[in-house]
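To keep things clear, I will list the structure first and then write my remarks on it.
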Amino acid sequence: TNIPEILPSGITKYEALGKELDYKKIVPRCVEVRGFKVKVSKIPVPVLYGPAFEGERVRKENLYVEFGGKKSTGFEFLKYSAMDTLEDGKIEVIGPDIDSIKEQSLPLGIVVTLGSRNANKDFEPIIERQIHRYINEAQGVMHLGQRDIIWVRVSQEAFKKGFRLKHFGTILHAQIHQEYSAIVDKVQITIYSDQKEVENVLEEARKAYKERDERISGMTDESVDDFYSCALCQSFAPNHICVITPERLGLCGAYSWLDAKANFQISPAGANQPIQKGPILDDRLGQWKSVNDFVHEKSNKSVEKISMYSLLESPQTSCGCFECIVALIPEANGFMVVNRDYTGETPLGMTFTTLAGSVGGGVQAPGFLGVGRYYLTSRKFILADGGLQRIVWMPKSLKQFLGDKLYERAKEVGFPDLPDQIADETIATE
Ligand code: SF4
Ligand code: ZN
């Protein structure tokens, strides 16, 4: 309540809320910040629609039908196609609609096809990732995950009010036009709910996901001329700036170098700006004069220099959205990592939330670092401090999330069994 539609610049979040809240306890997520800026739009669907419903859950007692998750196949995929093959606003449903089924679970494939005179493959994953937010903002509809791990639920109330499969399309059509009019002319949507059809199209989608991943994983910090900044979180951490390189994604995990580059093309005056690399100052720490100058200027002169590859010497600052915290355990002469989803104790005697209080807020905290999960498997992961082989502890869920990537990287550094040698909470928490 009482949140202004547009947050005036310079006003921090808790002031805007008009409450005295401990900033550090908020541990804000980027998405909340973006929520302030999104206008509540009139979308022709039979349920209420707006950012207020984004975090809403649909519980089992309330469930009418669900898609994906553990029960069925579910995916979403967005691509550009030739303009003349598309009809703007066309929404097709292939398979049974939700008023003609008896079971509570259906497969789902959401395919969005865009037409544009300035189509660019780099934009596809960025707009695709908004599907999560767009669908979530409908009352009584819950959306989790992305790509081929989505989980969508529709509540009994939403169904009674008339929500049907085609409304996923109505929402996506309206929202993509509203937010991406500069790079999108036509939006066409096909919703699949027939198992065979879902599987057919999923094959094409998986090929595209893989190509996207390969494009970024083949890139190195040395192979590019520019890094990118991200200043999105300055609305609540005014001195924080993320520097994003091909081998180090934003600490929230949501922005890779390719994403930042594409965002810059979409809005040249926006939050992602190129930083021309120029000559390197220290290749062990990963310090560039241009990066230091940029960060000094944009951090309101509060941070003089940052190392891209160290958490002990001039580490990057953290806003509060980090997926993981890496921290020094002096007694073990190593580091531990804890991810946001892990709520238990860590060997430092602190939970993720307690630790987050001392890491966030845009200050440099040597020995602590907020990072995106995939930075752990980067070849540049805290290279100056010894890299992956210095990790002595991480929660099991994080090991599972990183999966094969962690084993591949361990092999590369010459310790193929490392992931099994890193302790987790089932071994010890002290
Ligand atoms: Fe915030 Fe950094 Fe993520 Fe940008 S990349 S949204 S500044 S955490
Ligand atoms: Zn942030």
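Could you state the number of Å between the C-alpha centres of the range 271-289 and the range 324-361?
28 Å
Can you tell me which of 361-374, 44-57 comes out highest on packing, and rank the rest after it, using the mean Cβ neighbours within 10 Å? Walk me through the numbers before you get to the answer.
Values: 361-374: 20.3, 44-57: 16.4.
Per-residue Cβ counts within 10 Å, averaged per peptide and sorted highest first, yield 361-374, 44-57.
Quick check: from the Cα gyration tensor, does the range 300-364 come out rounded (a/c under 1.5), prolate or oblate?
Oblate is the answer for the range 300-364, as a/c is 1.5 or above yet b/c matches or exceeds a/b.
Using the alpha-carbon atoms, what tilt in degrees (0 to 90, nearest 10) does helix 166-180 show relative to the longest principal axis of the chain?
50 degrees
Give me the net charge of Val65's neighbourhood, meaning all other residues with Cβ under 11 Å from the Cβ of Val65; Lys, Arg count +1, Asp, Glu -1.
0
Rounded to whole Å and sorted largest first, list the principal axis extents of the Cα atoms in the range 286-430.
Largest first, the range 286-430 extends 44, 33, 26 Å along its Cα principal axes.
Given R₀ = 45 Å, what would the calculated FRET efficiency be for Glu211 paired with Asp99, taking r from the Cβ atoms and rounding to 0.05?
FRET efficiency, Glu211 to Asp99: 0.75.
In what order do Glu103, Glu179 fall by count of nearby beta-carbon atoms within 10 Å, going from fewest to most?
Ascending Cβ contact count within 10 Å gives the list Glu103, Glu179.
Per the Kirkwood definition applied to all pairs of different Cα atoms, how many angstroms is the hydrodynamic radius of the range 196-324? Don't jump to the answer; show the numbers that get you there.
On the way: mean 1/r = 0.0635 Å⁻¹.
With all distinct Cα pairs of the range 196-324 included, I get 15.8 Å.
Full-extension gain between Asn118 and His296, please, as 0.36 nm times their residue separation minus the C-alpha to C-alpha distance. Don't jump to the answer; show the numbers that get you there.
On the way: separation 178, 0.36 × 178 = 64.08 nm, distance 3.50 nm.
The Asn118-His296 span can extend by a further 60.6 nm.
Among the listed pairs Lys210/Lys380; Lys79/Lys298; Lys121/Lys186; Lys207/Lys277, give every one whose C-alpha distance is greater than 24 Å. List each step's numbers first, then the result.
Working: Lys210/Lys380 22 Å; Lys79/Lys298 35 Å; Lys121/Lys186 15 Å; Lys207/Lys277 33 Å.
Among Lys210/Lys380; Lys79/Lys298; Lys121/Lys186; Lys207/Lys277, the Cα-Cα distance tops 24 Å for Lys79/Lys298; Lys207/Lys277.
So how far, in whole Å, is the C-alpha centre of the range 194-232 from the one of the range 110-127?
If you average the Cα positions of each part, the centres end up 13 Å apart.
From the backbone phi of the range 191-208, what are the Karplus-calculated ³J(HN,Hα) couplings (6.51 cos²θ - 1.76 cosθ + 1.60, θ = phi - 60°) in whole Hz, Gly and Pro given as x?
Taking θ as phi minus 60°, the curve returns 10, 9, 10, 9, 3, 4, 4, 4, 5, 4, 6, 4, 4, 5, 4, 4, 4, 5 Hz for the range 191-208.
Using Cβ counts within 10 Å as a stand-in for footprinting exposure, how do Arg59, Arg164 rank, fewest first? Walk me through the numbers on the way to the answer.
On the way: Arg59 9, Arg164 18.
Ranking Arg59, Arg164 by Cβ neighbours within 10 Å, fewest first, gives Arg59, Arg164.
How much of the DSSP bridge set in the chain is antiparallel, in percent, rounded to the nearest 5?
Values: 36 of 52 bridges.
Once the DSSP bridges in the chain are tallied, antiparallel ones form about 70 percent.
Given H placed on each backbone N at 1.01 Å, which residues far from Ile94 in sequence or on other chains put an amide H within less than 5 Å of it?
Under 5 Å from the amide H of Ile94: Ile191, Tyr192, Ser193.
Just to confirm a number: summing +1 for Lys and Arg and -1 for Asp and Glu over residues other than Met83 whose beta-carbon lies under 12 angstrom from that of Met83, what do you get?
Values: positive: Arg117, Lys186; negative: Asp84, Glu87, Asp88, Asp185.
Once positives and negatives cancel, what remains is -2.
How much length is gained on full extension from Glu408 to Ala423, taking 0.36 nm per residue of separation minus their Cα-Cα distance?
3.6 nm
Kindly identify the range 66-114 as rounded, prolate or oblate by the Cα gyration tensor criterion: order the square roots of the eigenvalues as a ≥ b ≥ c, call it rounded if a/c is under 1.5, otherwise compare a/b with b/c, prolate if a/b is larger, else oblate.
oblate
Can you give the Rg/Rh ratio of the chain, where Rg is from the C-alpha atoms and Rh is the Kirkwood radius?
The Rg/Rh ratio comes out at 0.97.
For the pair Glu61 and Thr353, what calculated FRET efficiency results from E = 1/(1 + (r/R0)^6), where r is the Cβ-Cβ distance and R0 = 22 Å, to the nearest 0.05?
Numbers: r = 29 Å, r/R0 = 1.30.
Efficiency computed from Cβ-Cβ geometry: 0.15.
Within 10 Å, count the other beta carbons around each residue, average over each peptide in 61-72, 408-419, and list them highest first.
Peptide ranking by packing, descending: 61-72, 408-419.
Rank the residues Asp213, Asp185 as a footprinting-exposure proxy: fewest other Cβ atoms within 10 Å of their Cβ go first. Can you show the working numbers first?
Numbers: Asp213 12, Asp185 15.
Ordered by Cβ neighbours within 10 Å, fewest first: Asp213, Asp185.
Bear in mind that the values in this text are calculations on the coordinates, not laboratory data. These figures come from a predicted structure and were not determined experimentally. When we count neighbours, we look across all protein chains shown, and the Cβ atoms used for this are built from the backbone with ideal geometry, even at glycine.
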